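Only one structure is covered here, and it is reproduced in the block below.
The values are calculated or read from the model by the stated rules, or taken from the named source; none is laboratory data. Keep in mind the model is a prediction, meaning the values are calculated, not measured. Please note: Cβ atoms are built from the backbone with ideal geometry, for glycine as well, and neighbour counts cover all protein chains shown.
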Amino acid sequence: MYLSQSNIDLLRHHVEEEGGFQIAIAPMFPQLFPNVWMAAELLYKELNTAGYSVLLDDRNQRPKNMFEVIEFLGIRHRVVISSRSISANVMEYRDLETDEFYKVVLDSASEFLFDRLLTASPPT
């Protein structure tokens, strides 16, 4: 689900009735950095196609605002994609339950996330 296309009622329904989101993707300033948006959307589509419930925060917000929404919704897995991380050929992953943090090579990001998500909660 794209966050900009949702409203509070839709989010509440998804969390309360459908079990919430398994992972959130937070692209940093996607309007300024098209490569950030492309990487985030590609990852979103791969996870969504695999059957995971994904929230893509596509608003042009400060990181703090994005992270607050993710934590408020109780989403355990968070991926941050920024211009700096793409330049380093990585994305940043954090498990908000265990506070584990990894920088994952972009080429292996999908496989890494599939492993993490499958261990935590298989797709429905």
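A few comments on the model shown:
- The numbered conditions (1) farther than 17 Å from Ser4 by Cβ; (2) at pLDDT 90 or above are all true for Leu56 except (1).
- In summary, Arg78 fulfils each of the numbered conditions (1) of a type in the set (Lys, Arg); (2) assigned to a loop (DSSP other than H, G, I, E, B); (3) in contact with a strand residue (DSSP E or B) (Cβ under 7 Å, 6 or more places away or on another chain) with the single exception of condition (2).
- Looking only at the range 66-106, residues that are at pLDDT below 90, exposed (fewer than 12 other Cβ atoms within 10 Å of the Cβ) and not aromatic (Phe, Trp, Tyr) come to 1 in all.
- Only one of the listed residues (Leu47, Leu42, Leu32, Leu11) is outside any helix (DSSP H, G or I), out of contact with any helix residue (DSSP H, G or I) (no Cβ under 6 Å at 6 or more places or on another chain) and of a type in the set (A, V, I, L, M). That residue is Leu32.
- Test: residue in the range 83-90 that is touching a Ser or Thr at 6+ places or on another chain (Cβ under 8 Å) and aliphatic (A, V, I, L, M): no
Residue-wise test of (1) out of contact with any His (no Cβ under 8 Å at 6 or more places or on another chain); (2) of a type in the set (D, E, K, R); (3) without any contact (Cβ under 8 Å) to a residue 40 or more places away in the chain; (4) over 21 Å from Arg12 (Cβ atoms).
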{"position": "Phe33", "(1), (2), (3), (4)": "yes, no, no, yes"}
{"position": "Asn48", "(1), (2), (3), (4)": "yes, no, yes, no"}
{"position": "Val54", "(1), (2), (3), (4)": "yes, no, no, no"}
{"position": "Asp58", "(1), (2), (3), (4)": "yes, yes, no, no"}
{"position": "Arg62", "(1), (2), (3), (4)": "yes, yes, yes, yes"}
{"position": "Phe67", "(1), (2), (3), (4)": "yes, no, no, no"}
{"position": "Ser82", "(1), (2), (3), (4)": "yes, no, no, yes"}
{"position": "Val104", "(1), (2), (3), (4)": "yes, no, yes, yes"}
